[in-house]
Amino acid sequence: MTRGGDSVFETIYSQLVLGAAILVVSFAFVKGDEPERMGAAAYAMVFLAVTMIKDGTSLNFPRWGVMGMEIVLLTVFMGIAWHSRRAWPVWAASFQALIVTCHILIAANLRPPQNAVATVINMSNYGLLIALAVGTFWAWQERRVAAMGSGKAGPPRL
């Protein structure tokens with residue numbers, strides 16, 4: 001897959017982000033409950049959609065397609081937070097709101113520094129993945145404890 005003649009995953013950083021995203025999304029699908037699976041599916045679909053958008057512009061110009069997809073993901077996480085009793089969707093929505101805010105700053109032509117925008121977007125993506133991973137872990141542990149309390153599970157394996 002190319003973008004403007006360059007490979008999208010050409011740097012080690014982009015490959016690490018892809019690897020982290022695959023690990024967390026897979027973990028959420030395997031061990032998570034419905035909110036975690038919905039969040040992981042939405043993140044994976046937006047990640048793929050944003051990767052496929054070819055606009056060839058720099059960070060100085062609004063990327064309307066990417067901004068639209070990021071707003072959709074923010075709406076999904078807000079909906080999950082609204083209907084779930086868990087804390088991780090609130091954190092995920094907060095990190096996603098930072099990403100959307102960066103896109104809005106660029107669209108409003110406020111000219112934020114490119115390095116600052118890239119840093120906020122990248123760190124927010126990591127924060128979102130961490131929130132999803134921690135939420136999945138706690139949902140998995142709560143399910144295990146409930147199964148052990150009801151006598152359906154054997155002793156824990158070491």
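The values are calculated or read from the model by the stated rules, or taken from the named source; none is laboratory data. No experiment lies behind these values; they were computed from the predicted model shown. Cβ sites come from the backbone with ideal geometry, for glycine too, and all protein chains shown count toward neighbours. With ligands, DNA and RNA removed, areas are computed over all heavy atoms of the protein, side chains included. Shrake-Rupley method; radii C 1.70, N 1.55, O 1.52, S 1.80 Å.
Structure notes:
- Flag if Ile99 is assigned to a helix (DSSP H, G or I) and open to solvent by 30 Å² or more (accessible area, probe 1.4 Å): no
- For region 90-123, a residue qualifies if it is touching a helix residue (DSSP H, G or I) at 6+ places or on another chain (Cβ under 7 Å) and closer than 11 Å to Leu74 by Cβ, and the qualifying residues are Ala92, Ala93, Phe95, Gln96, Ala97, Leu98, Ile99, Val100, His103.
- Residue among Leu16, Leu23, Leu73, Leu48 that alone is under 16 Å from Ser124 (Cα atoms), part of a helix (DSSP H, G or I) and either open to solvent by 50 Å² or more (accessible area, probe 1.4 Å) or modelled with pLDDT under 90 (or both): Leu16
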